[in-house]
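Some notes on the structure that comes next.
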Amino acid sequence: MASTSDAPAMRPDIGGGMAGFDFGRGQRTLVFLHANGFNAGTYLPMLAPLAKSARVVVPDLRGHGQTALAAEPRGRRNWSDMRDDVLRLLADLNAGPATVAGHSMGGTVALLAAARAPERVRNLVLLDPVILPRPAAAAMRLPLVGLAARRHPWVAATLKRRRRFAGEAEAIRAYQGRGAFRDWPAETLEAYVRHGFQPTADGGVELRADPAWESSGYGAQANDTWGALKRVGRPIAIWKGEHGSTCAVAEQHVRRRKDLTVRTVSGGTHFFPMVMPDTARAALAEALG
């Protein structure tokens, strides 16, 4: 494992009842939200250089990492629980309007929070956010259709995830080059494991995020993302992976909007923030100005 001597320190409560990282200095503040099933520490290799000129705040969202907020998966239909946590975080920071960003689910939660409290947001950077096509997004908010999301293959696969390993090294070997972790740089995979697992009594390690909670996140798709895009009233930059993107917002949706830009990352996948950290960092640096 790589040395962590220079890494920011995890704090038990950085606001909104969430654990996370709050480091760096500068007049601008960046709040970055992680993807479903990951954690704040996963993104430290990509975010750390930004701390030279900005305050960087990275929480573990509810049910992830070291955040201890209640995480009941039964009955979840949307991400309003995480949205409200982020709203409390922004209020607690008391740092003026922030650049709020996120990857995948984190990008969507950032958008939903900004639509509720635009006065706390300077601008948004959404890295391959989960925004379904309009018909599907509308259907997911219907009671019976929304329940069908719980049968998505990702939901079933997540429930079968292996939770325990003999140690961090074994977990890294199990993930390396496979599935979502394919092509990840070693330091990013190590950061995910270091911050995503906790010691067990028998000397092994166990996932901090309960697979049942992670799977509920994949099924909770009754989010009014298109309505939020209309209501924010702040500059929004969307960066999409060229392959396997989860974002249905396309160029034709921005022709009449000067506050919304959509860019496709050439060769990028849904996980381009991990695989192409320089590209993701440049997008955030541009928004920070």
Selected residue (criterion: farthest from ASN39 (Cα to Cα)) from residues of region 267-289 that are modelled with pLDDT of 95 or more and assigned to a loop (DSSP other than H, G, I, E, B): GLY267
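How many residues does region 182-214 hold that are open to solvent by less than 20 Å² (accessible area, probe 1.4 Å), among the aromatic types (Phe, Trp, Tyr) and in contact with a helix residue (DSSP H, G or I) (Cβ under 9 Å, 6 or more places away or on another chain)?
Filtering region 182-214 for residues open to solvent by less than 20 Å² (accessible area, probe 1.4 Å) gives 188-189, 191-193, 196-197, 204-205, 207, 209, 211, 213-214.
Checking which are among the aromatic types (Phe, Trp, Tyr) leaves us with 192, 197, 213.
Retained after the next criterion (residues that are in contact with a helix residue (DSSP H, G or I) (Cβ under 9 Å, 6 or more places away or on another chain)): 192, 197.
Qualifying residue count, region 182-214: 2.
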Selection from region 229-246 of residues that are under 17 Å from ALA287 (Cβ atoms) and exposed (fewer than 13 other Cβ atoms within 10 Å of the Cβ): GLY233
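Mind listing whichever residues of region 42-98 are among the aromatic types (Phe, Trp, Tyr) and farther than 25 Å from MET276 by Cβ? Write out each step before concluding.
Just the residues of region 42-98 that are among the aromatic types (Phe, Trp, Tyr), to begin with: 43, 79.
Residue satisfying the conditions is TRP79 alone.
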Tabulated pairs, region 160-188, first under 16 Å from ALA209 (Cα atoms), second part of a loop (DSSP other than H, G, I, E, B) and open to solvent by 90 Å² or more (accessible area, probe 1.4 Å), C-beta under 7 angstrom, 6+ apart or interchain: GLU168/MET1
Unique residue being surrounded by fewer than 19 Cβ atoms within 10 Å (Cβ to Cβ) and touching a residue at least 12 places away in the same chain (Cβ under 8 Å) when the list is ARG25, ARG83, ARG55: ARG25
Pairs where the first residue, in region 65-79, is on the phi > 0 side of the Ramachandran plot and the second is in a loop (DSSP other than H, G, I, E, B) and surrounded by 14 or more Cβ atoms within 10 Å (Cβ to Cβ), C-beta under 7 Å, 6+ apart: GLY65/ASN39; GLY65/ARG208
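Could you list, in sequence order, the residues of region 189-208 that are aromatic (Phe, Trp, Tyr) and free of Cβ contacts under 8 Å to residues at least 60 places away in the same chain?
Passing the criteria: only PHE197.
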ASP60 vs. criteria within 20 Å of GLY196 (Cα to Cα), among the charged types (D, E, K, R) and surrounded by 23 or more Cβ atoms within 10 Å (Cβ to Cβ): yes
Residue under evaluation PHE21, criteria (1) out of contact with any Leu (no Cβ under 8 Å at 6 or more places or on another chain); (2) among the aromatic types (Phe, Trp, Tyr); (3) more than 19 Å from ALA220 (Cβ to Cβ), criterion not met: (1)
Some residue of region 247-266 being buried (at least 17 other Cβ atoms within 10 Å of the Cβ), within 17 Å of the chain's Cα centre (by Cα) and at pLDDT 95 or above: yes
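Only one of these is at pLDDT below 95 and over 12 Å from the mean Cα position of the chain (by Cα): ALA117, ALA113, ALA95. Name it.
On the way: ALA117 fails: at pLDDT below 95; ALA113 fails: at pLDDT below 95.
None of the other options fit; the residue is ALA95.
Of all residues in region 60-106, count the ones that are basic (Lys, Arg) and in contact with a Phe, Trp or Tyr (Cβ under 9 Å, 6 or more places away or on another chain). Spell out how you get there, then give the answer.
Restricting attention to region 60-106, the residues satisfying the condition of being basic (Lys, Arg) are 62, 74, 76-77, 83, 88.
Checking which are in contact with a Phe, Trp or Tyr (Cβ under 9 Å, 6 or more places away or on another chain) leaves us with 62, 76.
Matching residues across region 60-106 total 2.
The values are calculated or read from the model by the stated rules, or taken from the named source; none is laboratory data. This is a predicted model, so every value here is computed, not measured. Glycine gets a Cβ as well: all are built from the backbone with ideal geometry, and neighbour counts include every protein chain shown. For the accessible areas, the whole protein counts, side chains as well, though only heavy atoms, and no ligand, DNA or RNA atoms are used. Shrake-Rupley method; radii C 1.70, N 1.55, O 1.52, S 1.80 Å.
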